[in-house]
């Protein structure tokens, strides 16, 4: 028997043990379905052979008083934590999210998971010839970033912020704002960490001027110069809800306001927008002259302006008027930058 086949059999039998309940019994047909749901190609005959082998080494048994026969652990086997382990599906999932978890989880939680990450890597390497284990080499998640590298983050500063966030404690930081060359000092109450593309953001309440004037702001993690934990207990604002905060468009770099966008778009852009709509109420109607009229209620912010400018001649903003004027002025500046100066 090959090394890979041995490993696959051991993993299958270990997974099978985890599926056998300590109290209520389970039918062999249900065990078969559970194994198949984990990606194991197994027959009823193989399952029965596995159960017979395992019953010789572990306190599991099949009730024969009534049909269908039910498999369960005996009283001696109620404590089965020694056989609980990571399944192949768990391993694949952990490997796919490992990089994201490194920035979003406190170091203490990461240390707890590190053993699982290492175990997952070893398991996938051992079963590298198994069709299911090869799935990790066949999927990937990439950012639409044109090859830009993520900004560098100081792990020590991130750890301090994660720990303060976990314990709801305030911090004092020096932060380099956009276009500034000198860091500014803030007193902050961390509320959340949000990964947006390659950039990790700290959502925090700015309590520098006191709680009465405190505002919730975004801070790019890579711009923190120093972080000092005060170890003082902060008070999370009762009206802050992270999911609502995101739904309101805060990470679109606006103030949460909506606007009714109307625009003329090219056939190519209309095609892509129909595949991936800008909003739930988006409509694209083809006019008699062949052009495409777009209407959508969208978040008003920096992200919208950035996207519109990136579409070039594929879009003409019709309304709101202020947005159309701003787009026109930006395009004039862009054209001026490309015009050749006369000598």
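Could you give me the residue pairs with C-beta distances under 7 Å whose first residue belongs to the range 8-30 and is assigned by TED's automatic domain parsing to the domain that holds residue 73 and surrounded by fewer than 14 Cβ atoms within 10 Å (Cβ to Cβ), whose second residue is part of a helix (DSSP H, G or I) and at pLDDT 80 or above wherever it lies, and which are 6+ apart or on separate chains?
Partner pairs satisfying both residue conditions: none exist.
Residue-wise test of (1) within 38 Å of the chain's Cα centre (by Cα); (2) at pLDDT below 80; (3) over 27 Å from residue 31 (Cα atoms).
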position	(1), (2), (3)
53	no, no, no
57	no, yes, no
70	no, no, no
73	yes, no, no
78	yes, yes, no
100	yes, yes, yes
106	yes, yes, yes
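Is it the case that the range 32-48 has a residue that's surrounded by 14 or more Cβ atoms within 10 Å (Cβ to Cβ), more than 15 Å from residue 9 (Cα to Cα) and in the same structural domain as residue 11 (by TED's automatic domain parsing)?
Yes, because at least one residue in the range 32-48 is surrounded by 14 or more Cβ atoms within 10 Å (Cβ to Cβ), more than 15 Å from residue 9 (Cα to Cα) and in the same structural domain as residue 11 (by TED's automatic domain parsing).
Suppose we keep only residues that are surrounded by 13 or more Cβ atoms within 10 Å (Cβ to Cβ) and within 13 Å of residue 185 (Cβ to Cβ) within the range 205-222. Which one would you say is farthest from the chain's Cα centre (by Cα)? It would help to see each step written out before you state the result.
Going through the range 205-222, the residues surrounded by 13 or more Cβ atoms within 10 Å (Cβ to Cβ) turn out to be 205-208, 214, 216-222.
Restricting the remaining residues to those that are within 13 Å of residue 185 (Cβ to Cβ) gives 206-208, 219.
Working: 206: 26, 207: 29, 208: 31, 219: 19 Å.
Among those that are surrounded by 13 or more Cβ atoms within 10 Å (Cβ to Cβ) and within 13 Å of residue 185 (Cβ to Cβ), it is 208.
Taking residue 279 as meeting all but one of (1) more than 26 Å from residue 171 (Cα to Cα); (2) over 26 Å from the mean Cα position of the chain (by Cα), write down the number of the exception.
Just one mismatch for residue 279, condition (2).
Restricting attention to helices (runs of 4 or more DSSP H) lying wholly within the range 239-343, give those where 3 or more residues are farther than 30 Å from residue 200 by Cβ.
Working: elements: 242-247, 267-275, 302-310, 321-338.
The qualifying helices (runs of 4 or more DSSP H) are 267-275, 321-338.
Name the residue, out of 252, 233, 238, that is in contact with a strand residue (DSSP E or B) (Cβ under 7 Å, 6 or more places away or on another chain) and more than 30 Å from residue 282 (Cα to Cα).
Of 252, 233, 238, the one residue that is in contact with a strand residue (DSSP E or B) (Cβ under 7 Å, 6 or more places away or on another chain) and more than 30 Å from residue 282 (Cα to Cα) is 233.
Would it be correct to say that residue 259 is at pLDDT below 95 and surrounded by 14 or more Cβ atoms within 10 Å (Cβ to Cβ)? Working first, answer last.
Details: at pLDDT below 95: yes; surrounded by 14 or more Cβ atoms within 10 Å (Cβ to Cβ): yes.
Considered against the rule, which asks whether it is at pLDDT below 95 and surrounded by 14 or more Cβ atoms within 10 Å (Cβ to Cβ), residue 259 comes out as yes.
Being under 24 Å from residue 124 (Cβ atoms) and either modelled with pLDDT of 85 or more or within 31 Å of the chain's Cα centre (by Cα) (or both): is that true of residue 12 here? Steps first, answer last, please.
Details: under 24 Å from residue 124 (Cβ atoms): yes; either modelled with pLDDT of 85 or more or within 31 Å of the chain's Cα centre (by Cα) (or both): yes.
Against the criterion (under 24 Å from residue 124 (Cβ atoms) and either modelled with pLDDT of 85 or more or within 31 Å of the chain's Cα centre (by Cα) (or both)), residue 12 qualifies.
The values are calculated or read from the model by the stated rules, or taken from the named source; none is laboratory data. Note that this is a predicted model, so its numbers are computed, not measured. Quick reminder, even Gly has a Cβ in these numbers, built from the backbone with ideal geometry, and neighbours come from all protein chains shown.
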